[in-house]
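Asker: One structure, pasted below without further comment.
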Amino acid sequence: MPPAIPGFAHHRVPVADGVRLHTAVGGSGPPVVLLHGFPQTHLMWRHVAADLAVDHTVICPDLRGYGASDKPAETDGSGYAKRTMAADIVALAHALGHERFALAGHDRGALVAFRAALDHPGAVSHLACLDVLPTLDMWEVMHGVTAAVGFHLYLMAQPPGLPERMIGAAPDDFFGHFLDVWTNDRRAVPDDVRAAYLRACREAVPSIVADYRASAGIDIEHDRADREAGSTLRMPVTVLQQDWGAALGFDAAGLWRVWAPDVRHATVTCGHFMAEEAPDDIAKALRELLAR
């Protein structure tokens, strides 16, 4: 049997024309939506979701273009904009009967969550972002040889064609590299889960590249427009990050405070895949956020 979140039911929920999101749902109580990162699926939340489902309705979708969700072809550069992917999540919650919900995202999912909270403040009651900076800030702090840690960002920012062919030539090597080097404790991603991640990514190279390409174009435009307008996140916000600021020379907490007046920022000692390496700590942080 493929790995799954125990006790969660699976649904394919229509969220836009021709797009259905594969979604695991469990528990009962106030709704919490958990968005996965790269190169993963909703399975990355398996431990945290089970914890929160004791007293919350927990909704774990595969993002558009990832996992078992639909992967529409990119046509005009907006299909994988975080604005579009955020609208998917709001539509998903509404389809499941929730007009307002807490939202947590990791990595790419955190960028979708960030955009959802900016675009739909009436729908998002609480926001948690794990191990990212907002897109505009991310590009501004990447410079010099230290930016080599983000080589994949530059590769997938290239025009359509070459990145897809290069990654598609050795997808397990490419995606597996990140599962290896971003994990402090390899046991956190057991063999069956790793295999599920690699299989899902292998089948989604064009849409994953389209997601990253959007973050080098249209997503920057949307963030810049919000910055110039003085838009901020109106809800309680928690940000958990590795100490990338010390390595790359920026003040992560300061950058987040510009966007989120009510932010609690903390650094972690585990690896990038913190919901799998330190699930008890992440569940505790989310419960503290939900209590604010």
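The values are calculated or read from the model by the stated rules, or taken from the named source; none is laboratory data. Treat the numbers as computed from the prediction; the structure is a model and nothing was measured. Cβ sites come from the backbone with ideal geometry, for glycine too, and all protein chains shown count toward neighbours. Accessible surface is based on the protein model in full, side chains and every heavy atom, while ligands, DNA and RNA are left aside. Shrake-Rupley method; radii C 1.70, N 1.55, O 1.52, S 1.80 Å.
Asker: Select the helices (runs of 4 or more DSSP H) contained entirely in region 33-146, then report the ones holding at least 3 residues which are within 18 Å of residue 14 (Cβ to Cβ), in contact with a strand residue (DSSP E or B) (Cβ under 9 Å, 6 or more places away or on another chain) and in contact (Cβ under 8 Å) with a residue 60 or more places away in the chain.
Answerer: Of the helices (runs of 4 or more DSSP H) lying wholly inside region 33-146, those with at least 3 residues that are within 18 Å of residue 14 (Cβ to Cβ), in contact with a strand residue (DSSP E or B) (Cβ under 9 Å, 6 or more places away or on another chain) and in contact (Cβ under 8 Å) with a residue 60 or more places away in the chain span 82-95.
Asker: On to the next question. Does region 156-190 hold any residues that are touching a Gly at 6+ places or on another chain (Cβ under 8 Å) and of a type in the set (D, E, K, R), and which are they?
Answerer: 185
Asker: Take residue 175 and tell me if it is over 24 Å from residue 61 (Cβ atoms) and touching a helix residue (DSSP H, G or I) at 6+ places or on another chain (Cβ under 9 Å).
Answerer: Working: over 24 Å from residue 61 (Cβ atoms): no; touching a helix residue (DSSP H, G or I) at 6+ places or on another chain (Cβ under 9 Å): yes.
Against the criterion (over 24 Å from residue 61 (Cβ atoms) and touching a helix residue (DSSP H, G or I) at 6+ places or on another chain (Cβ under 9 Å)), residue 175 does not qualify.
Asker: As an exercise: evaluate residue 227 against (1) open to solvent by less than 20 Å² (accessible area, probe 1.4 Å); (2) in contact (Cβ under 8 Å) with a residue 60 or more places away in the chain; (3) in a helix (DSSP H, G or I) and give the number of the one condition it does not meet.
Answerer: Exception for residue 227: condition (1).
Asker: Looking at region 230-254 only, could you name the residues that are open to solvent by 50 Å² or more (accessible area, probe 1.4 Å) and within 21 Å of residue 274 (Cα to Cα)?
Answerer: 243, 244, 246, 247, 251
Asker: Counting only residues that are farther than 19 Å from residue 207 by Cβ and either touching a helix residue (DSSP H, G or I) at 6+ places or on another chain (Cβ under 6 Å) or surrounded by 21 or more Cβ atoms within 10 Å (Cβ to Cβ) (or both), how many does region 47-75 have?
Answerer: Step one: of region 47-75, the residues farther than 19 Å from residue 207 by Cβ are 47-59.
Cutting the leftovers down to either touching a helix residue (DSSP H, G or I) at 6+ places or on another chain (Cβ under 6 Å) or surrounded by 21 or more Cβ atoms within 10 Å (Cβ to Cβ) (or both) gives us 47-49, 51-53, 56, 58-59.
Result for region 47-75: 9.
Asker: Which of the numbered conditions does residue 110 fail, given that it passes all the others? Conditions: (1) more than 20 Å from residue 286 (Cβ to Cβ); (2) open to solvent by less than 10 Å² (accessible area, probe 1.4 Å); (3) out of contact with any helix residue (DSSP H, G or I) (no Cβ under 9 Å at 6 or more places or on another chain).
Answerer: Of (1) more than 20 Å from residue 286 (Cβ to Cβ); (2) open to solvent by less than 10 Å² (accessible area, probe 1.4 Å); (3) out of contact with any helix residue (DSSP H, G or I) (no Cβ under 9 Å at 6 or more places or on another chain), only one is false for residue 110: (1).
Asker: While we're here: Tell me which helices (runs of 4 or more DSSP H) are completely within region 148-224 and hold 2 or more residues being at pLDDT 95 or above, aromatic (Phe, Trp, Tyr) and surrounded by 19 or more Cβ atoms within 10 Å (Cβ to Cβ), or say none if there are none.
Answerer: Values: elements: 151-155, 162-169, 171-181, 191-202, 205-214.
Fully inside region 148-224 and qualifying: 171-181.
Asker: Residue check, residue 21 against (1) closer than 24 Å to residue 188 by Cβ; (2) in contact with an Asp or Glu (Cβ under 7 Å, 6 or more places away or on another chain); (3) not in a helix (DSSP H, G or I), all met but one. Which one?
Answerer: The number of the failed condition is (1).
Asker: What are the residues in region 255-289 that are part of a helix (DSSP H, G or I) and either modelled with pLDDT under 95 or open to solvent by 60 Å² or more (accessible area, probe 1.4 Å) (or both), if any? Break it down into steps so the answer makes sense when it comes.
Answerer: Start the filter on region 255-289 by keeping residues that are part of a helix (DSSP H, G or I), which leaves 255-259, 274-277, 279-289.
Within region 255-289, 257, 258, 280, 281, 284, 287, 288 meet the criteria.
Asker: With the structure loaded, tell me whether residue 78 is of a type in the set (Ser, Thr, Tyr), within 23 Å of residue 118 (Cα to Cα) and either modelled with pLDDT of 95 or more or surrounded by 18 or more Cβ atoms within 10 Å (Cβ to Cβ) (or both) or whether it fails that test.
Answerer: On the way: of a type in the set (Ser, Thr, Tyr): yes; within 23 Å of residue 118 (Cα to Cα): yes; either modelled with pLDDT of 95 or more or surrounded by 18 or more Cβ atoms within 10 Å (Cβ to Cβ) (or both): yes.
Considered against the rule, which asks whether it is of a type in the set (Ser, Thr, Tyr), within 23 Å of residue 118 (Cα to Cα) and either modelled with pLDDT of 95 or more or surrounded by 18 or more Cβ atoms within 10 Å (Cβ to Cβ) (or both), residue 78 comes out as yes.
Asker: Exactly one condition in (1) under 14 Å from the mean Cα position of the chain (by Cα); (2) open to solvent by less than 50 Å² (accessible area, probe 1.4 Å); (3) over 16 Å from residue 101 (Cβ atoms) is not met by residue 3; state its number.
Answerer: (1)
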